[in-house]
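To start, the structure under review is shown below, and the notes come after it.
The values are calculated or read from the model by the stated rules, or taken from the named source; none is laboratory data. Note that this is a predicted model, so its numbers are computed, not measured. Glycine also receives a Cβ, built like all others from the backbone with ideal geometry; neighbour counts cover every protein chain displayed. Heavy atoms of the whole protein, side chains included, go into the accessibility calculation; ligands, DNA and RNA do not. Shrake-Rupley method; radii C 1.70, N 1.55, O 1.52, S 1.80 Å.
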Amino acid sequence: MPAIPDTAPRATLETLPGDDVRQLMWGFAERYDLAMLVQSARAVARGPVARLVAAGARNSHEWTASKASLLAAFDESGLTAAYLDPEFGGFLEGPKNLALALIAFELSWVDAGAATCSLAGNLGLAPISERGTLEQRAHYLGLAAPLKPGQNRGQIRAAFALTEPLPFVGVETSLLSGKVRIAAWPEGGEPVLQVEKRGRFITNMAFANVVTVAVNSDDPRIKGSCMIILEEGDPGVFDRGAPARKLVHQLSSTRDPIFNLRVPASRIIGGYTVQEGALVPRYSHAEIIEAVFRRTRVTVGLMTAAKLLSAVEPVILYQRRRFRGGEGAPGTPRYELGLQQKEDVLQRLVEVWATGEASAALGFAAARLFDQLEPLEKEKDRFLAQGKLAGRAAFKALAKAQQEAIEWLRLGRKPKDQRDETRLEALGANPLVRFALLETQANVLCPACKLWNTGHGANMMREAVSLMGGYGVTEDCPGFLGQKWMDAQLEATYEGPEAVQRLQLYITMANELFLAQFGQWTEELRQLAARRPGTGACTLATAMQLWHWTLNHLQTATDAHGAKLYHKSRQGVTFPLADALCWLLAARQFILAVVELQDKGASNPTLAEGLAGGVNFFTDLCHVQCARAAGEVGRICAELVYGFNRHPAWDGAERACYGAEELESLEGVIPGIDSAARVCGDVVEAGQAAPAKAGPCVRFAGLEAFARLRAKLDGCLTGARLAKDRAADALTKVMVPEALDYPV
Ligand SMILES: Cc1cc2nc3c(=O)[nH]c(=O)nc-3n(C[C@H](O)[C@H](O)[C@H](O)COP(=O)(O)OP(=O)(O)OC[C@H]3O[C@@H](n4cnc5c(N)ncnc54)[C@H](O)[C@@H]3O)c2cc1C
């Protein structure tokens, strides 16, 4: 069969992707309940939320009656109850990470402050939900449900208070100044605690009536730190504090509260035991916040993804109309395409769109992963409890499961006739093995999503704003893009800024089991590249190999002074490497989402017509994203691999780096150039200082493999710009509605 020439007509994107496409790409096509939830969240976002923003409600940081009306909208639409299990008044069975991610996405499409307002209530309850005692869960979660007709009770609205006034808790969560003491301990009765906590930047504080606070013991009769539930109405001071004069997320309330309250010891989250006359909380504050943030950070990552994708339609509308009304008449390119006649604006929008897709794919994949992990985590706990495994014994059992998971992966890759099927099956059925596999992925995907989606996403929001010209930085900008740009920076900051995610990735990305899975993903992408070459999967697989090589190298390499490179204190090494990984993970998830669309879309009659064009377009976007990821990874890895070796030409004099032939030709032209003494190609051990007599261009021994991989990676970029051209062209043809479906 003759090869199809490149110029053959190719189906292209007809309309902007609708719900059917998204349900497949983001993995909830089988979940009618989630499809309905999306509709409810969208109605709130594009109705009351959009109207508030358009009316200028964001111009004040005060909590106003009109902003407070959103709480009722969240309750009535089911968004508040979506967090709760049916036994506590909710309506979704099972894990809810994907559900909450979808709510965050829909609300943030219009305004992430509204999303934060809705989700911060869940964050306030999360310590109780994740680590509370049965009684605490039943009481507080039950009262958080919106009132049913005929019910007459108060409704709990919660806040989460970890951050403290400077110079205390921020990124460093151990610097707690909040204190707990025993105020009274009646004979044979329950101790009464005195809790002092000042908060900084606490969301929902204008109206929260329950606050979960992190405090340290200030009493020898209480061990360590813990989290405690405070209620409005407890004896003492419950001062909501001054509103933060923030420039972002103005549809949520943020204040600096002050608490000094007496509460029963039963408010310690997770309970306590009494040992040798002292209260020992079951969980430290660090253990609780770790359990909470590992889930909630994914939803924050999706807020920024939504902003980027929400920018596509208003930017296209702006571009197309930019030159209408002048000399051009309908039907002329100037009239119909406007700014879209210019290549640059199209290609920049392609980059914004590709980033939005990759970050949404990564975020929703992480949310689905946590939904899978949750029941396994419970199974793991049951298994350990049955075997009476706690402390070191539990740790040993989990370490063994990690090794078994690696063995399972290794066995799975062998041909069927060469492997022990019984062993493979036994390992696959072991709950601890299954838990270890997903847990190590989740430990990377969550910080990666928070870090990359929000950090790089904020940079790309600036690009989106720039495409709207001066309009972009006005309140009138359609799609509220200017506000979304600034809001993205908050998403990169709260629930732990980028540094926190990078610190976590430094540990979790070097985990042996994660790396075994990463190696498998690389192989799978290579196989996928053979079947779907246009996705850029080949480029991505090579970039993943380069990253993995670099990590292995850095773990043993030293710098020119002999100091270890892969170390917690070397953030200049570990942080960029973490960033590079995020680019890879996001691009990979994007490819997987498009493959899912292509594989499953054909069987959906409502999709069949535009499917080929949609898949072609997304395939090109994937390619663009993979090329961009490869570029970032190549740059970062090359800097890290070469950058810590001392250049032999730096012996005091200022010298350029010349090749041998160049040196000869320059001899006598540039003072100090001596080609005989400085022959190019001296070989020096990596990490060692080059000898003084070495030439200006040295090769470092052992790095040839890196250099080969790097060269291969550059070659893998073949066709990436053609893909970008095609995607840009598609933007000139795609049909868009005449107006946004929410107020401008
Ligand atoms: C609108 C808003 C709402 C918020 N809501 C809440 C809430 O509901 N509850 C709550 O408890 N908190 C809340 N916060 C607080 C938020 O989580 C913190 O601001 C955030 O965690 C960062 O702490 P910080 O501001 O003290 O920054 P700092 O700790 O001062 O860090 C500043 C910067 O220094 C660098 N840095 C710090 N430590 C390190 C390190 N170890 N390594 C490398 N770099 C480092 C990073 O670049 C970091 O971004 C909110 C904040 C805002 C602005």
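Quick test for you: out of Phe590, Phe617, pick the one residue that is open to solvent by less than 10 Å² (accessible area, probe 1.4 Å), out of contact with any Cys (no Cβ under 7 Å at 6 or more places or on another chain) and part of a helix (DSSP H, G or I).
Phe617
Yes or no: Ala82 in a loop (DSSP other than H, G, I, E, B), closer than 25 Å to Ala360 by Cα, touching a Gly at 6+ places or on another chain (Cβ under 7 Å) and small (Gly, Ala, Ser)?
no
Report whether or not Ala115 is within 16 Å of the ligand (Cβ to nearest atom) and open to solvent by less than 40 Å² (accessible area, probe 1.4 Å).
So Ala115 passes the test.
Mind listing just one residue for me: the one in segment 637-653 that is open to solvent by 50 Å² or more (accessible area, probe 1.4 Å) and at pLDDT below 85 and, of those, nearest to Leu584 (Cα to Cα)?
Step by step, filter segment 637-653, then rank; the result is Arg646.
Of the conditions (1) open to solvent by 30 Å² or more (accessible area, probe 1.4 Å); (2) within 19 Å of Ala723 (Cα to Cα); (3) among the hydroxyl-bearing types (Ser, Thr, Tyr), Thr556 clears all except one; give me its number.
That leaves (2) as the condition not met.
Looking at this structure, is Ala68 open to solvent by less than 20 Å² (accessible area, probe 1.4 Å), modelled with pLDDT of 95 or more and part of a helix (DSSP H, G or I)?
Considered against the rule, which asks whether it is open to solvent by less than 20 Å² (accessible area, probe 1.4 Å), modelled with pLDDT of 95 or more and part of a helix (DSSP H, G or I), Ala68 comes out as no.
Please determine, by comparing only the residues of segment 160-176 that are in contact with a Pro (Cβ under 8 Å, 6 or more places away or on another chain) and either among the small types (Gly, Ala, Ser) or farther than 22 Å from Asn122 by Cβ (or both), which one is nearest to the ligand (Cβ to nearest atom).
This residue is Val171.
Starting from residues that are more than 24 Å from the chain's Cα centre (by Cα) and β-branched (Val, Ile, Thr), keep the ones in segment 428-478 and report whichever is farthest from Ile316 (Cα to Cα).
Val433
Cβ-Cβ under 6 Å, sequence separation 6+ or interchain: first residue in segment 110-136 and without any contact (Cβ under 8 Å) to a residue 60 or more places away in the chain, partner crowded, with 24+ Cβ neighbours inside 10 Å. Which pairs?
Pairs found: Ser118/Phe74; Ser118/Leu79.
With a cut-off of at least 1 residues that are more than 16 Å from the ligand (Cβ to nearest atom), over 30 Å from Ala57 (Cα atoms) and without any contact (Cβ under 8 Å) to a residue 60 or more places away in the chain, name the helices (runs of 4 or more DSSP H) lying wholly within segment 446-562.
In segment 446-562, 512-531, 537-556 are the helices (runs of 4 or more DSSP H) which contain 1 or more residues that are more than 16 Å from the ligand (Cβ to nearest atom), over 30 Å from Ala57 (Cα atoms) and without any contact (Cβ under 8 Å) to a residue 60 or more places away in the chain.
Please work out which residue is most open to solvent (accessible area, probe 1.4 Å), limiting yourself to segment 197-237 and to residues that are touching a Gly at 6+ places or on another chain (Cβ under 7 Å) and more than 16 Å from the ligand (Cβ to nearest atom).
Arg221
Mind checking which residues of segment 563-575 are within 11 Å of the ligand (Cβ to nearest atom) and either touching a residue at least 40 places away in the same chain (Cβ under 8 Å) or hydrophobic (A, V, I, L, M, F, W, C) (or both)?
Lys568, Gln571, Thr574, Phe575
Can you say whether Arg295 is outside any strand (DSSP E or B), surrounded by 24 or more Cβ atoms within 10 Å (Cβ to Cβ) and either away from the ligand (no atom under 16 Å from the Cβ) or among the basic types (Lys, Arg) (or both), as far as the supplied structure shows?
Against the criterion (outside any strand (DSSP E or B), surrounded by 24 or more Cβ atoms within 10 Å (Cβ to Cβ) and either away from the ligand (no atom under 16 Å from the Cβ) or among the basic types (Lys, Arg) (or both)), Arg295 qualifies.
Taking Thr7 and the conditions (1) at pLDDT 95 or above; (2) over 28 Å from the mean Cα position of the chain (by Cα), which numbered condition does it fall short on, given that it satisfies the others?
(1)
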